[in-house]
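Shown next, in C-alpha cells, is the structure this report addresses.
The values are calculated or read from the model by the stated rules, or taken from the named source; none is laboratory data. No experiment lies behind these values; they were computed from the predicted model shown. Cβ coordinates were reconstructed from backbone atoms using ideal geometry, including for glycine residues, and neighbour counts include every protein chain displayed.
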Amino acid sequence: MKLSLAEQMREMDKKAIEHGIPDIVLMENASIKSFYQILDAYGDVSGSLAVCFVGAGNNGGDALAIARHLYNNYCDVFIYMLVPEEKLNPSPKTNFEIIKNMGIPYKFVENDDDFDIEVINEADLIIDGIFGTGLSRKVEGRFKKAIELINDSDAFVVSVDIPSGIKADSGEVMGIAVEADLTPTFALAKPGHFLYPGRIYAKDVRVVDISTPVSVIEEFDPSFVAIDSSQIKLTYRNPTSHKGDFGHLAVVGGSTGKSGAVIMASKAALKSGVGLVSAVIPASINTAFESHLLEAMSYPVDDNGGFFSENSIDSILEFVADKSAVCLGMGLGVTESTKKVVKAVMGIEKPMIIDADGLNCLSFFVDELKNRKAPTIITPHPKEFSRLCGVKTKEVLEKRLELIKEFATNYNCIVVLKMADTLIASPDGKIYINTTGNVGLATGGSGDVLSGMIGAFLAEGYEPLQAAINGVYLHGLAADIATESSISYESLMPSDVIENINKAILSFFEA
C-alpha cells in the first residue's frame, strides 16, 4: 500500500486541481465518502447526537461537510468552531456558510470554558476535524482541551484523515492526540497511520477515493509503503519439482546454551518452504541440535569452549560455498574467534541474512558490509542497530526512520529493524512498514524464527527485498493467527509462531 508524506499529499492535491478538479469538489468527495464509512462502521445515524470539532484547515472543512450529511440524515448535530471564521481557508469557509444557512447549531470557542461538557458527554458520535496532516507543533490551549474532552467521551470517534495531534509523517504524538475509532483517509494513507505511537490512535484506517486522478496516484513513487497482503509474492510449485528446486540454506550459528536459536531458525526455514537446511554449528551442540530437529542436517565443526573456533573457518567456508543462501549469527556468541568467523563468512558471495550475535560481531568491523558482493539483509533490534551505527539506543528510537534509510543506502544492504512496527529499509531509500504481528512476539527467540523465514525465501530464489517483505509479514501473520485461536499474548512462544507459518502461507493460496 503506497503511503504519502504530508507534503507529497499536498502536491497530489495540487495536481488534482490542475486536472480541473476544484478544491471544493475534493472536499465534498472526502466528506460524502467519509459519511458512507461512518454508516458502515457506526450504523444508522438518525436520532443520534453528533458533536463536531472544527479547525482552520481543509480537514475542518471536511468535518463541516460531514456534519451537513449527518444533519440531512436526521442526526442531531452540534459544531464547535475552534477558530474564528476569518481564519478559515476558502473551501472550509464555503462549507461553514452552508452550515449557517441550514441552521445547524454551532459555537465559537475562544477558551476552555466555552465547551459544554454535558453536551459532549451525551454525544453518540464525535467528528474530529481539528488538525490534519500539516500539524508540526505541540498541541496547546483550547485545541488540547478539545482533544481531552473527546478522549474522555464514550462516543464513537471519527477522525478526518488522521487523528488530530498525530504527526502524519512519523506517527509522533504532538503532546496529545485523539483516540479514534474510525479514520477515513483520502487518496492514500499516511505513514503516521501505521508507525507507532500513531498506529494506536488511528484505529480502523480506511482509504477512500476523493477523485484524485488515478494517473497521479499511479505515477506517484512513494517514500513509504505499508506492507499488506498485496505486497506478498508466493510462487505456485510445479508438480514435478524436487527439493533441489527450492534452495539449500546454510544456518551458521549456535553455541553452548544457545542451540535453540539455530534449531528455531532452521525449523522456521523448513516451514517456509526451503528445500534443504544445513546447520553449521559447534560440535559441542550437535547432539542437542539433532535430537530436537529431525528434518534438518547438521555440519558440526571444531569449537572452543562451546563457541566456534577460528580453526573451523576453512571447513565452514568450504561447506557453505555451494549453498543457495546463508543465515548467519543466531546464538553465535561474541568472542575473538566468532568475530573472525563472521568476517570470513561475509566474504562468501552468496545472498546472506545476518542476525543477532552476527550483528554484534559485525559492529567491530561494520565497513566490511561495503565489501559484500552479494545481497545482504541485516535484522537488528534497536540495541543491535545502535552498535552498528555507533549511537545510543535512545537515538535509534528517536531517529529510526532517518538512521535506517541512511544505513541501507550507505552500506547497500536491506535493514530490517525489529520493533512493534517492524521497518524495512532498502538501498533505494524506501521504507516499508509492517502491518502484522502483536505484542506476543516480544519474547526471546522471535527474531531467530524471523531470520530463518527470511533466509528460506532468500534460498528459494526470491529477490532480497521480496524475501524480507515475505518473511516479516508472514512472521507477524503467523503470530496473529496463533493468538486469534487459543494462545494469549503472554503465552505465545516462538515455537507457536513456527507451527502457524503453514496457516499464514496457506491463507494466500486459499484466497
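What the table below lists for this structure:
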read-out	value
Output for the stretch 146-157, where each listed residue is more than 12 Å from Ala202 (Cα to Cα) and either touching a Cys at 6+ places or on another chain (Cβ under 8 Å) or surrounded by 22 or more Cβ atoms within 10 Å (Cβ to Cβ) (or both)	Ala146, Ile147, Ile150
Condition met for Ile38 (in the same structural domain as Val158 (by TED's automatic domain parsing), of a type in the set (A, V, I, L, M, F, W, C) and in contact with a helix residue (DSSP H, G or I) (Cβ under 8 Å, 6 or more places away or on another chain))	yes
Count of residues meeting criterion [in contact with a strand residue (DSSP E or B) (Cβ under 6 Å, 6 or more places away or on another chain) and surrounded by fewer than 24 Cβ atoms within 10 Å (Cβ to Cβ)] in the stretch 435-458	1
Condition check for Ser211: outside any strand (DSSP E or B), closer than 28 Å to Ala425 by Cα and either free of Cβ contacts under 8 Å to residues at least 40 places away in the same chain or more than 24 Å from the chain's Cα centre (by Cα) (or both)	no
Test result for Met27, more than 30 Å from Asp113 (Cα to Cα), modelled with pLDDT of 95 or more and of a type outside the set (D, E, K, R)	yes
Matching option when the condition is touching an Asp or Glu at 6+ places or on another chain (Cβ under 8 Å) and either in the same structural domain as Ala168 (by TED's automatic domain parsing) or of a type in the set (S, T, N, Q) (or both), among Lys107, Lys87	Lys107
Residues satisfying the stated conditions in the stretch 158-188, i.e. surrounded by 24 or more Cβ atoms within 10 Å (Cβ to Cβ) and either assigned to a strand (DSSP E or B) or assigned by TED's automatic domain parsing to the domain that holds Ala420 (or both)	Val158, Ser159, Ile166, Ala180, Thr183, Pro184, Thr185, Phe186
Selection count where residues are among the hydroxyl-bearing types (Ser, Thr, Tyr), within 18 Å of Leu474 (Cβ to Cβ) and assigned to a loop (DSSP other than H, G, I, E, B), scope the stretch 254-277	1
Any hit, the stretch 324-333, residues being over 20 Å from Ser451 (Cα atoms) and either out of contact with any Ser or Thr (no Cβ under 6 Å at 6 or more places or on another chain) or of a type in the set (Gly, Ala, Ser) (or both)	no
Residue list for the stretch 334-355, filter: of a type in the set (A, V, I, L, M), more than 24 Å from the chain's Cα centre (by Cα) and either not in a helix (DSSP H, G or I) or not assigned by TED's automatic domain parsing to the domain that holds Phe319 (or both)	Val334, Met346, Ile348
Qualifying strands (runs of 3 or more DSSP E) (wholly inside the stretch 54-154; at least 2 residues being in contact (Cβ under 8 Å) with a residue 60 or more places away in the chain, within 20 Å of Ile32 (Cβ to Cβ) and touching a helix residue (DSSP H, G or I) at 6+ places or on another chain (Cβ under 6 Å))	125-129
Matching residues in the stretch 361-396 - criterion: being basic (Lys, Arg), over 24 Å from the mean Cα position of the chain (by Cα) and assigned to a helix (DSSP H, G or I)	Lys370
Residue within the stretch 286-295 that is closer than 17 Å to Asp357 by Cα, assigned by TED's automatic domain parsing to the domain that holds Glu349 and either among the hydroxyl-bearing types (Ser, Thr, Tyr) or at pLDDT 95 or above (or both) present	no
Qualifying residue in the stretch 136-145 (condition: buried (at least 24 other Cβ atoms within 10 Å of the Cβ) and either in contact with an Asp or Glu (Cβ under 7 Å, 6 or more places away or on another chain) or assigned by TED's automatic domain parsing to the domain that holds Lys14 (or both))	no
Test result for Ile498, out of contact with any strand residue (DSSP E or B) (no Cβ under 8 Å at 6 or more places or on another chain), within 23 Å of Pro351 (Cβ to Cβ), in a helix (DSSP H, G or I) and β-branched (Val, Ile, Thr)	yes
Check on Ile217, crowded, with 16+ Cβ neighbours inside 10 Å and over 18 Å from the mean Cα position of the chain (by Cα)	yes
Total residues in the stretch 82-95, condition of a type in the set (A, V, I, L, M, F, W, C) and buried (at least 22 other Cβ atoms within 10 Å of the Cβ)	2
The listed residue being in contact (Cβ under 8 Å) with a residue 24 or more places away in the chain, within 30 Å of Gly275 (Cβ to Cβ), in contact with a Gly (Cβ under 6 Å, 6 or more places away or on another chain) and in a helix (DSSP H, G or I), out of Gly358, Gly331	Gly358
Residues satisfying the stated conditions in the stretch 459-491, i.e. of a type in the set (Asp, Glu) and surrounded by fewer than 22 Cβ atoms within 10 Å (Cβ to Cβ)	Glu463, Asp480, Glu484, Glu490
Among (1) of a type in the set (S, T, N, Q); (2) closer than 12 Å to Leu332 by Cα; (3) crowded, with 21+ Cβ neighbours inside 10 Å - the single one Ser309 does not satisfy	(3)
